[in-house]
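The values are calculated or read from the model by the stated rules, or taken from the named source; none is laboratory data. Keep in mind it's a predicted model, so treat the numbers as computed, not measured. No Cβ is skipped: glycine too gets one built from the backbone with ideal geometry, and neighbour counts run over all protein chains shown. Remember, those area values only see protein heavy atoms, side chains included, never the ligands or the DNA or RNA. Shrake-Rupley method; radii C 1.70, N 1.55, O 1.52, S 1.80 Å.
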Amino acid sequence: MRKTAISSAALAAAALACGIVGPAHAELYGVDDPQDTFHGSDLRAVQIRNGEQRLVVTTHHDNLVRAPESGSSGAVYIDTVRSNRGPEYVFVGGYFEGTDYQLLHTKGFGPKSWGKPVDGTYIMRVDYAKDTVRTKMSRKAIGNAGKVRIAVRVSGTRTDGTTHGVIDWLGQPRTFTPWIAKG
């Protein structure tokens, strides 16, 4: 009996350490991302809470900085319609002081696909001490969607002004998390 309890506890701890949070239909989904850009915008983990009142996406980074020279920014793509191939919404914003954010309609990935601003309640907060960016969108702002799936892209600027090598997607470029039910 004691071995089973210890084994169960060890298995649960290992699952948490590996970022396994449960099935795709859970209200909370989390995934880790490797260190691969070596820039303040490097995406390390994403937590998604698809709650009854709002969708909250929290991204975790290495060394977010307040300086505009960092060029740190991100785009959280939200897919709400299973029959459409790409996202319907994108939450874009800078991750440095003095910048802004906006939730937009979109017909795909990339700025050329972005449309008009969404009418609804949403907010973004950057916590430099915790290296996190939290975006919150009301249910109304995302069309009262039940299930959602998310793709995240972050980027920054090198000291020479280029962005080569400082673009980081959650997983592979333009791929989504599993569908996450409202809960």
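Counting just the residues of region 43-57 that are open to solvent by 10 Å² or more (accessible area, probe 1.4 Å) and in a strand (DSSP E or B), which one comes out nearest to Arg134 (Cα to Cα)?
Here the residue is Val56.
So which residues in region 75-92 are within 21 Å of Ser138 (Cα to Cα), of a type in the set (Gly, Ala, Ser) and open to solvent by 10 Å² or more (accessible area, probe 1.4 Å), if there are any at all?
Gly86
How about region 106-116: which of its residues are more than 10 Å from Ala75 (Cα to Cα) and crowded, with 18+ Cβ neighbours inside 10 Å?
Within region 106-116, Thr106, Trp114 meet the criteria.
Restricting attention to region 61-85, which residues are free of Cβ contacts under 8 Å to residues at least 60 places away in the same chain and in contact with a Gly (Cβ under 8 Å, 6 or more places away or on another chain)?
Answer for region 61-85, where residues must be free of Cβ contacts under 8 Å to residues at least 60 places away in the same chain and in contact with a Gly (Cβ under 8 Å, 6 or more places away or on another chain): just Pro68.
In region 66-93, what count of residues is obtained for those that are part of a helix (DSSP H, G or I) and not charged (D, E, K, R)?
Here the count works out to 2.
If you check His60 against the conditions, is it modelled with pLDDT under 95, open to solvent by 20 Å² or more (accessible area, probe 1.4 Å) and assigned to a strand (DSSP E or B)?
For His60, the condition - modelled with pLDDT under 95, open to solvent by 20 Å² or more (accessible area, probe 1.4 Å) and assigned to a strand (DSSP E or B) - is met.
Is there a residue in region 94-105 that is hydrophobic (A, V, I, L, M, F, W, C), buried (at least 18 other Cβ atoms within 10 Å of the Cβ) and in a loop (DSSP other than H, G, I, E, B)?
Yes, some residue in region 94-105 is hydrophobic (A, V, I, L, M, F, W, C), buried (at least 18 other Cβ atoms within 10 Å of the Cβ) and in a loop (DSSP other than H, G, I, E, B).
Of all residues in region 127-142 being of a type in the set (Lys, Arg) and assigned to a strand (DSSP E or B), which is surrounded by the most Cβ atoms within 10 Å (Cβ to Cβ)?
Lys136
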